[in-house]
Amino acid sequence: MNLGFHELCLMLPDMSAESFSALVDDIRQNGQRRDIVLYEGLILDGRHRYRACIESGITPRCCDFDGTDPLAFVVSENVSRRHLSESQRAMVAAKIATLANGQRPLTCANLHSSPVKRSQAADLLAVSQRMVAKASEVKKKGAPALVQQVEVGKISVHEAEKIASLGPKSQERIAKIEDKRERKSELKKALSISQGRKHPVPRSDFIEPVVQPEWVLTWLARFESMTLCLADAHVEPDTLNRRLLDDAVWADERFVKRIESALPWFKAAGSLSTLIGERRPA
């Protein structure tokens, strides 16, 4: 026996691996207790029972749906029995509303004479319209891993709505975090970074670059390097002067000649700050 799944059947989230394993064990020990319900030749209710029967080597027992509202039947049979959370019910309601608005699959065309409104879907799943709207946003903007975590009940719609405002990679990464506190912390960091990118603070100290002669850039690079070396060594100008006078070997004639050749530069450099002040715009 090889049966397909009806569109309405697939609106409900899959069982967790643990719950499905328990169902398989129960059917192996006690047999199939509830019939699998078919509608239009497809499974309307009981897809997990069907899979469990196949895995257990048991021929599935089926019956045809004899009601008038298959949608209400699916919701009634699954919501209370599977103990779906508010967020899970909101995701189902969002799917029901998505099937409406003239976009129903052909197999669902005869379910209602008019599309299911969001308010009707909310009432059917016992959630607020606001929750359904949030769930719709998660379905629309959420990465597959995030949507899946909400549908299985591991992440709430409220939290998922915030995560869905991030990029796909960030959503995938955060959705995989099991610990709620850690996930909240990572979400806070990601939102902070995201907001900073969307609304960068303009720099008030930005200076438009100007093309300089090559020799000026070379000199500046060497001057900066020397200054950084002195700063890293915590050498103050007065300290440098004193150490130069006290520690240098002044008996070395070659050293003295080099110092004397550099003195005109030091004298010129002493007036450099004055010249910069005169040239720099106010």
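The values are calculated or read from the model by the stated rules, or taken from the named source; none is laboratory data. Just so it is clear, the model here is predicted, and its values are computed rather than measured. Here Cβ is always computed from backbone atoms with ideal geometry, including for glycine, and neighbour counts include all displayed protein chains.
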**Request:** Please specify each residue of region 1-38 satisfying the condition of being within 28 Å of Thr98 (Cα to Cα) and charged (D, E, K, R).
**Result:** Glu7, Asp14
**Complete:** Note on Cys9: of the conditions (1) surrounded by fewer than 18 Cβ atoms within 10 Å (Cβ to Cβ); (2) in contact with a helix residue (DSSP H, G or I) (Cβ under 7 Å, 6 or more places away or on another chain), unmet is (1)
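Restricted to region 139-178, and to residues that are of a type in the set (Lys, Arg) and within 14 Å of Lys189 (Cα to Cα), which residue is surrounded by the fewest Cβ atoms within 10 Å (Cβ to Cβ)? If you could, list the steps in order and put the result at the bottom.
First pass over region 139-178, keeping only residues of a type in the set (Lys, Arg): 139-141, 154, 162, 169, 173, 176.
If we keep only those that are within 14 Å of Lys189 (Cα to Cα) as well, we get 162, 173.
Details: Lys162: 15, Arg173: 17.
That would be Lys162.
Would you be able to say whether some residue in region 207-216 is modelled with pLDDT of 85 or more and either assigned by TED's automatic domain parsing to the domain that holds Leu12 or loosely packed, with under 15 Cβ neighbours inside 10 Å (or both)?
Applying the first criterion (modelled with pLDDT of 85 or more) to region 207-216 yields none.
Within region 207-216, not a single residue is modelled with pLDDT of 85 or more and either assigned by TED's automatic domain parsing to the domain that holds Leu12 or loosely packed, with under 15 Cβ neighbours inside 10 Å (or both).
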